[in-house]
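These notes concern the structure reproduced below.
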Amino acid sequence: MKFGDQLRFVRQNMKRNKTRLFMTVLATAMGCAFLTVLASVGFGLQQSMVEEITGDRLVTEITIYGKNPDKFDTQGIQNGDIDYFQSLPNVKAVTYRNYIQQYMDPSIDGNPVNVNQRIGMDFEAEKQAGFGLSAGRLPEGNNEIVIGYHIREVMDEEGRPSSELPAASEWVGKTMTLQVSYYEDGELAKKPLETVIVGVAEQPTKEWNRDRNIYMGEEMLTQIEAITGTQLGELPYFEVAPTKEQVQKLIEQLPKPTGERQYQDVTVVAENASKVKGIAEKIREQGYFNHSIADELKQVNMLFTIMKIGLIFVGTIAVLIASIGIFNTMTMAVTERAQDIGIMKAIGAHPSVIRRVFLLESSLIGLFGAIIGTLVSYAISFAVNAGLPIMIEVLMEETLPADFKFSVIPPYLAALTCVIALGVALISGQRPARRATRIDVLSALRREV
Amino acid sequence: MITMMGISHQFKIGKKGKERIVPVLHDIDLSVEKGEIVAIVGRSGSGKSTLLNLMSGYIRPTAGEIKVAGRMVTKLDEGAWADFRLAHYGFIFQNFQLISSMTAYENVELPLVLKGVGQSERRKRVEKMLENVDIAAFASHYPSELSGGQQQRVSVARSLVLEPPIVLADEPSGSLDSENEKSLLTMIKQLNHELGITFVIITHDDQVASVAHRTIRLQDGRLARQAPLVSVESIKETFDLAKGGHHS
């Protein structure tokens, strides 16, 4: 008997008692929706929690804090250390930040621009690490820079940033002038440095995080250091006007551009998350203090995995309860159709065909229930994510972080629910289907069943 | 076509532990030749339906062997019997045994569906068969919308749609009036004559028995009278050969 004919048989049979079929599918759908929604809370909370922990950082990042004084003579991360990190296997990039030690009065077309940090970095490494841009490109030439996402913000009279930013692309191509201060014969002088904005950094994930930095390459940093004659463009500070000798003396004490450089915010980026642990352990053994989000996430993920398994287990009980309905419906169906089954067997229906028809019917009930239940779950999940934050805000006067999700249904959860429902329906249909194959032909023909 | 040798059958009745054994058939030897119409007659309780049920494979004999179309069928399991029935038998029942939720067309189509015949081939064969039994106009009717005679025609069409070599009929005219009975018997004779189909008919009706080439009478589970076309010796020979023995 062909599959299409089996389906036609099942459809005919299902039409016989639509109300009973509807109630059984409804019970299965409710069970599936309960399972999916319950488990989706585990998924939602995990996602929100992980996003809170990771923020703008990557799970492949290993942050280097410093060096163990027992193992190293020098402190601070220096060129040799960077070279060592780069030489390690499975390391994709090593990024760092060099904070320029003077403000440089950035301006565009003569108008001052409010900036936070002026940072020198290795753009090649940043590119590897995934430095995100909302417009433009990373610097390639000497005088090219990238500006932070929020530099474009215009402050109102009360000093609050405007809610709307001008388009990032409009700022690409603008010239920003940096006034590099330096001492010449004991006098403070300024030398303008014309730079071109070639890119705008992407928006930080956290709403409260304002990126007002200027990012520049090694070449420009070298240019600034050449002007000041000090590392990172640092200048001595005087409360009163200094003499030429005083300036000379203090500048002499500052590290020279040619001296050993100390790198800030050093981050080792692994090729993928699975390599993080190995690299982090190796670096730690060598005496570098480090930390990776993978360490934190491991425990959080473990906790949520246990929670999700628990929730799926509880939800499955609901589907099992629904299976009683399927069992009952199928048993009734076999009893009602006993004579038809007998006639079919009498003229030559193979028992396995009869079994397959009934199993197909119970699986279809399970499948319909699972599909309806999953669709309902998505609707509930959407409603919960939209409504619950408002309720919490109104009733508990607490604000949740933006994009906080209580319920997330990943496709594999929906697929898992369908598989569980289908499996349970198949198991529920086994006994009635077996009973159908055992119907005695003669009793059925005599209308004794 | 059908050979039975030493067939005995007994039923167990009563509750478990207090069962009583009721013998129904005793040491039956018979054979039905290809193209024959054989009527099995006898009074109620004589064992004629049991004999037909044994031939159909609905029950197994307590003793003896059955061979159909050259195949020993006595020890076939339920699934193999189902396949064998579909391939070799057509059935006509006293109460027609049509599936009430299916139309006349779907009832006739059922054996073809079970055999896995394709849709277009099915349509062709069912329509032809419905026309042959003169019921095509009622193809979309459900059994409850048909008269007894019409239902029996549908039943005959269903039994023949796979063109089986053997048709087993259990009191085929039992629920029919005399006119429909006459029509059915004409049809049986015609099918036997034109297609060479072997018929084994259980009946207590002399009219029905009159169309048979041969009548086998059962009395208290034993053959009362038989005019075999082949001798009992030849039946034994058939079984000996089937078992791999030799006739001396």
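Data table
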{"quantity": "Accessible area (Å², 1.4 Å probe, nearest 10) - B:ARG217", "calculated": "100"}
{"quantity": "Hydrodynamic radius of the range B:23-229 per Kirkwood, over alpha carbon pairs, in Å", "calculated": "17.5"}
{"quantity": "Length added when fully stretched, A:GLU170-A:ASN79, from 0.36 nm per residue minus Cα-Cα", "calculated": "29.0 nm"}
{"quantity": "Residue-span extension gain [A:MET391 to A:MET302] - 0.36 nm each, minus C-alpha spacing", "calculated": "29.0 nm"}
{"quantity": "Solvent-accessible area per residue, Å², over chain B with all protein chains present [probe radius 1.4 Å]", "calculated": "47"}
{"quantity": "Sequence-distant residues sharing a close amide H with A:ALA93 (under 5 Å, placed H)", "calculated": "A:VAL269"}
{"quantity": "Protein-only accessible surface order, largest first, of B:TRP81, A:TRP171 at 1.4 Å", "calculated": "A:TRP171, B:TRP81"}
{"quantity": "Per-residue SASA entry for B:PHE138, accessible area with 1.4 Å probe, Å² rounded to 10", "calculated": "60"}
{"quantity": "In Hz, Karplus ³J(HN,Hα) per residue of the range B:58-64 (6.51, -1.76, 1.60; θ = phi - 60°; x = Gly, Pro)", "calculated": "6, 9, 10, x, 5, 8, x"}
{"quantity": "Point-charge dipole on Cβ atoms (K/R +1, D/E -1) for the range B:1-130, about Cα centre, debye to 20", "calculated": "340"}
{"quantity": "Amide proton proximity set for A:VAL180, modelled H, under 5 Å, gap of 5+", "calculated": "A:LYS191, A:LEU193"}
{"quantity": "Too-long pairs where the Cα-Cα distance tops 23 Å, listed order kept, from A:LYS275/A:LYS308; A:LYS190/A:LYS244; B:LYS34/B:LYS67; A:LYS67/A:LYS277; A:LYS92/A:LYS298; A:LYS127/A:LYS275", "calculated": "A:LYS275/A:LYS308"}
{"quantity": "CD proxy at 222 nm, helix term only [per DSSP H run n ≥ 4: -39500 (n - 2.57); per residue of the protein assembly as shown; nearest 500]", "calculated": "-15500 deg cm²/dmol"}
{"quantity": "Partner aspartates and glutamates for B:LYS15 [C-alpha distance under 15 Å; skip if fewer than 8 residues away on the same chain]", "calculated": "none"}
{"quantity": "Debye, to nearest 20: dipole size of the protein assembly as shown, +1 on Lys, Arg Cβ, -1 on Asp, Glu Cβ", "calculated": "5760"}
{"quantity": "Computed P(r) (all Cα pairs; chain A; 10 Å bins; percent)", "calculated": "4, 15, 17, 16, 13, 11, 9, 7, 5, 2, 1, 0, 0"}
{"quantity": "Extension gain from B:GLN119 to B:SER144, taking 0.36 nm per residue of separation minus the Cα-Cα distance", "calculated": "6.4 nm"}
{"quantity": "Accessible area buried, both sides summed, chains A and B with 1.4 Å probe, Å²", "calculated": "2200"}
{"quantity": "The range A:84-200: translational diffusion in µm²/s, Stokes-Einstein, Kirkwood Rh over Cα pairs, 10 °C, 1.306 mPa s", "calculated": "98"}
{"quantity": "A:PHE382-B:GLN207 pseudo-label distance in nm [points 7 Å out on the Cα-to-Cβ vector]", "calculated": "7.1"}
{"quantity": "Per-peptide average of other Cβ atoms within 10 Å, ordering A:415-428, A:148-161 highest first", "calculated": "A:415-428, A:148-161"}
{"quantity": "R0 of 60 Å, Cβ-Cβ distance B:GLU127-A:ILE317: FRET efficiency to nearest 0.05", "calculated": "0.65"}
{"quantity": "Solvent exposure ordering (accessible area, 1.4 Å, most first) of B:GLU121, A:GLU361", "calculated": "B:GLU121, A:GLU361"}
{"quantity": "Centre separation in Å (Cα based) which lies between the range A:33-51 and the range A:328-377", "calculated": "35"}
{"quantity": "Calculated FRET value between A:ASN209 and A:TYR65, using beta carbons and R₀ = 22 Å, to 0.05", "calculated": "0.60"}
{"quantity": "Calculated FRET value between B:GLN219 and A:VAL419, using beta carbons and R₀ = 60 Å, to 0.05", "calculated": "0.45"}
{"quantity": "Solvent exposure ordering (accessible area, 1.4 Å, most first) of A:LYS92, A:LYS308, B:LYS34, A:LYS275", "calculated": "B:LYS34, A:LYS92, A:LYS275, A:LYS308"}
{"quantity": "Dipole moment magnitude, nearest 20 debye, chain B about Cα centre, only Lys, Arg, Asp, Glu C-beta charged", "calculated": "740"}
{"quantity": "Computed accessible area, A:THR331, all protein chains, 1.4 angstrom probe, square angstrom", "calculated": "40"}
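The values are calculated or read from the model by the stated rules, or taken from the named source; none is laboratory data. Every value quoted in this text rests on a predicted model; they were computed, and no experiment measured them. Methodologically, a virtual Cβ is constructed for each residue, glycine included, from the backbone with ideal geometry; neighbour enumeration extends over all protein chains shown. Just the protein is used for accessible areas: all its heavy atoms, side chains included, with ligands, DNA and RNA removed. Shrake-Rupley method; radii C 1.70, N 1.55, O 1.52, S 1.80 Å.
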